[in-house]
């Protein structure tokens, strides 16, 4: 049976994580929000700025700063081996994009369907399930707030993009510290 390219709310399909590490070694391209950065910093018990360069980088595209997980060769910097199996060293604080995998959001406001990754070996295996729609809603809220705040600082108030990212991350870390 050929798996669908998308899953809509209410439709189940088979999935079981195979612990292959394919998701974490298919290219270091996981973008982050300030919420992800703050969760990772809190989990690691460090100030968020200590993550920059070692674990997180940022690029600027059309004046918008885009933070992302740093890669080591062809894998995520947080991918480690535990008992011979690939494992995430920050699993409880992993970014929302990682929580959602193998589901890929259509867009921040599309909450009733997702794409299904074609590289995940767990797709088509295991029991029938639905994506975590709650995680998709949380992702939508966080990514929308993150970029809305950046837009305000950069395009309305005139901040330099990286300074805007720093400001937004400071604000979010303070808001979510309790």
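The values are calculated or read from the model by the stated rules, or taken from the named source; none is laboratory data. These numbers were taken from a predicted model, which means no experiment stands behind them. Using ideal geometry, Cβ is built from the backbone for each residue, glycine included, and neighbour counts are taken over all protein chains shown.
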Original post:
Hey, does segment 41-55 have a residue that's under 14 Å from the mean Cα position of the chain (by Cα), surrounded by fewer than 17 Cβ atoms within 10 Å (Cβ to Cβ), on the phi > 0 side of the Ramachandran plot and without any contact (Cβ under 8 Å) to a residue 60 or more places away in the chain?
Top reply: no
Original post:
Can you pull out the residues in segment 62-79 that are farther than 12 Å from residue 31 by Cα and without any contact (Cβ under 8 Å) to a residue 40 or more places away in the chain?
Top reply: 62, 73
Subject >> segment 40-68, residues that are in contact with a strand residue (DSSP E or B) (Cβ under 9 Å, 6 or more places away or on another chain) and part of a helix (DSSP H, G or I) >> reply: 40, 48
Original post:
What's the number of the condition residue 82 fails, among (1) surrounded by fewer than 20 Cβ atoms within 10 Å (Cβ to Cβ); (2) without any contact (Cβ under 8 Å) to a residue 24 or more places away in the chain; (3) closer than 28 Å to residue 155 by Cβ?
Top reply: (3)
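For residues that are out of contact with any strand residue (DSSP E or B) (no Cβ under 8 Å at 6 or more places or on another chain) and surrounded by fewer than 12 Cβ atoms within 10 Å (Cβ to Cβ), tally how many sit in segment 92-117.
Keep residues of segment 92-117 that are out of contact with any strand residue (DSSP E or B) (no Cβ under 8 Å at 6 or more places or on another chain), which gives 92-93, 96, 99, 101, 107-111.
Add one more test, that the residue is surrounded by fewer than 12 Cβ atoms within 10 Å (Cβ to Cβ), and what stays is 92, 107, 109-110.
Total meeting the criteria: 4.
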Original post:
Which one of the conditions (1) assigned to a strand (DSSP E or B); (2) under 15 Å from residue 165 (Cβ atoms) does residue 37 fail to meet, given that it meets all the rest?
Top reply: (1)
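Going by the conditions given, is residue 24 more than 30 Å from residue 153 (Cβ to Cβ) and buried (at least 18 other Cβ atoms within 10 Å of the Cβ)? Show your work before the answer.
Numbers: more than 30 Å from residue 153 (Cβ to Cβ): yes; buried (at least 18 other Cβ atoms within 10 Å of the Cβ): yes.
Judged against the criteria, residue 24 is a match.
Which is surrounded by fewer than 19 Cβ atoms within 10 Å (Cβ to Cβ) and more than 22 Å from residue 5 (Cα to Cα), of 88, 76?
On the way: 76 fails: surrounded by fewer than 19 Cβ atoms within 10 Å (Cβ to Cβ).
Residue meeting the stated conditions: 88.
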Original post:
So which residues in segment 153-178 are under 16 Å from residue 62 (Cβ atoms) and free of Cβ contacts under 8 Å to residues at least 40 places away in the same chain, if there are any at all?
Top reply: 153, 156, 158, 159, 160
**OP:** Would you mind telling me which numbered condition in (1) surrounded by 15 or more Cβ atoms within 10 Å (Cβ to Cβ); (2) outside any loop (DSSP other than H, G, I, E, B); (3) modelled with pLDDT of 95 or more; (4) touching a helix residue (DSSP H, G or I) at 6+ places or on another chain (Cβ under 7 Å) residue 159 fails?
**Re:** (2)
Subject >> Residue among 71, 107, 10 that alone is out of contact with any helix residue (DSSP H, G or I) (no Cβ under 8 Å at 6 or more places or on another chain) and closer than 25 Å to residue 127 by Cα >> reply: 10
**OP:** Quickly run through segment 118-144 and pick out the residues that are crowded, with 18+ Cβ neighbours inside 10 Å and touching a residue at least 40 places away in the same chain (Cβ under 8 Å).
**Re:** 120, 122, 123, 131, 139, 142, 143
Subject >> Search result, residues across segment 27-39 that are surrounded by 19 or more Cβ atoms within 10 Å (Cβ to Cβ) and touching a strand residue (DSSP E or B) at 6+ places or on another chain (Cβ under 9 Å) >> reply: 30, 32, 33, 34, 36, 37
